[in-house]
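Shown next, in structure tokens, is the structure this report addresses.
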Amino acid sequence: MLLVTQGHAGGNGWGTASDLLAVGLPTLAAAYTYRDRDADGAAQLAWTLGATVGSAEILKSQISELRPDKSDDKSFPSGHTAVAFASARYLDKRYSGQVSPYLLYGAASLTALARVQADKHYWKDTIAGGALGYAWAEFFTETQAGGRVSLLPAPNGVTLAWQRPW
């Protein structure tokens, strides 16, 4: 990745890096799903990525935020970062222990850094995108063991609950 970012002048290398990561992480998620012939996982990945991209595009169309490079007004939230974090969370949750979470979230975080360095987003855009993707993956993805963590409304805030069918 460092070779990609240093091999080009200015933000072009960072832009290429973020493009590769935003395609590579979902491709890796699909490869793990295919490898295991995991039909439930494939549906969960499709819902996760569909909801992530769809909601990011809806937000971009409703929130007119000029990009740092002034190329358009679709800066908020970062779609690249949203997809990267959605894919990382899907892999971490669905295939826990098979891929290092440090590697997954490090790659997703590098996507956010690359979008800022490429002058395509502000930090707030990447933070919002990362949260959006992570949240959709958390919502749609179940662990293969069948457990599920949920946030539930409670009278004085929220309750964190773990459920598993017996």
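The values are calculated or read from the model by the stated rules, or taken from the named source; none is laboratory data. Predicted, not measured: the structure shown is a model, and the values here were computed from it. For neighbour counting, all protein chains shown are included, and Cβ atoms are generated from backbone atoms with ideal geometry for every residue, glycine included. Accessible surface is based on the protein model in full, side chains and every heavy atom, while ligands, DNA and RNA are left aside. Shrake-Rupley method; radii C 1.70, N 1.55, O 1.52, S 1.80 Å.
Assuming a ≥ b ≥ c are the square roots of the Cα gyration tensor eigenvalues, decide whether the range 94-136 counts as rounded (a/c under 1.5), prolate (otherwise, with a/b larger than b/c) or oblate.
The shape class here is oblate.
Aspartates and glutamates within cross-link reach of Lys74: Cα-Cα under 18 Å, excluding same-chain residues under 8 positions apart?
Asp19, Glu57, Glu65, Asp119, Asp125
What is the magnitude of the charge dipole of the range 52-146 about its Cα centre, with +1 placed on the Cβ of each Lys and Arg, -1 on the Cβ of each Asp and Glu, and no other charges, expressed in debye to the nearest 20?
Its charge dipole is roughly 80 debye.
Charges on Cβ only, +1 for Lys and Arg, -1 for Asp and Glu, centred on the Cα centroid of the chain; of Ala114, Val53, Ala135, which one is farthest towards the dipole's positive end?
Toward the positive end, the furthest listed residue is Ala135.
Rg and Dmax of the range 33-134, using alpha carbons, in Å: what are they?
14.3, 44
Can you give the relative contact order of the range 29-166 as a percent, counting alpha carbon pairs under 8 Å and 6+ residues apart? Let's see the in-between values first.
Values: 223 pairs, mean separation 36.8, N = 138.
For the range 29-166, the relative contact order is 27 percent.
Suppose every K and R has +1 on its Cβ and every D and E has -1 on its Cβ; what is the size of the dipole of the chain about the Cα centre, in Debye to the nearest 20? Write out the running numbers ahead of the final one.
Details: 14 positive and 14 negative charges, 44 e Å.
Once rounded to the nearest 20, the dipole reads 220 debye.
Report the Cα centroid-to-centroid distance between the range 101-116 and the range 38-77 in angstrom, as an integer.
With the range 101-116 and the range 38-77 each reduced to a Cα centre, they are spaced 17 Å.
May I have the convex hull volume per residue, in Å³, for the Cα set of the range 37-83?
Roughly 62 Å³ of hull volume per residue.
Might you tell me the accessible area per residue for the range 18-129, computed with a 1.4 Å probe and given in Å²?
Values: 5250 Å² over 112 residues.
Per residue, the range 18-129 has 47 Å² of solvent-accessible surface.
If exposed trypsin sites (Lys or Arg not before Pro) are those in a DSSP loop with at most 10 other Cβ within 10 Å, what is the longest stretch of the chain that has none?
71-166
When only Cα pairs under 8 Å and 6 or more residues apart are kept, what is the percent relative contact order across the range 56-118?
28 percent
Considering the dipole of the chain built from charges on the beta carbon (Lys and Arg +1, Asp and Glu -1) around the Cα centre, which of Leu160, Leu66, Ala82 is farthest to its positive end?
Farthest along the dipole direction, towards plus: Leu160.
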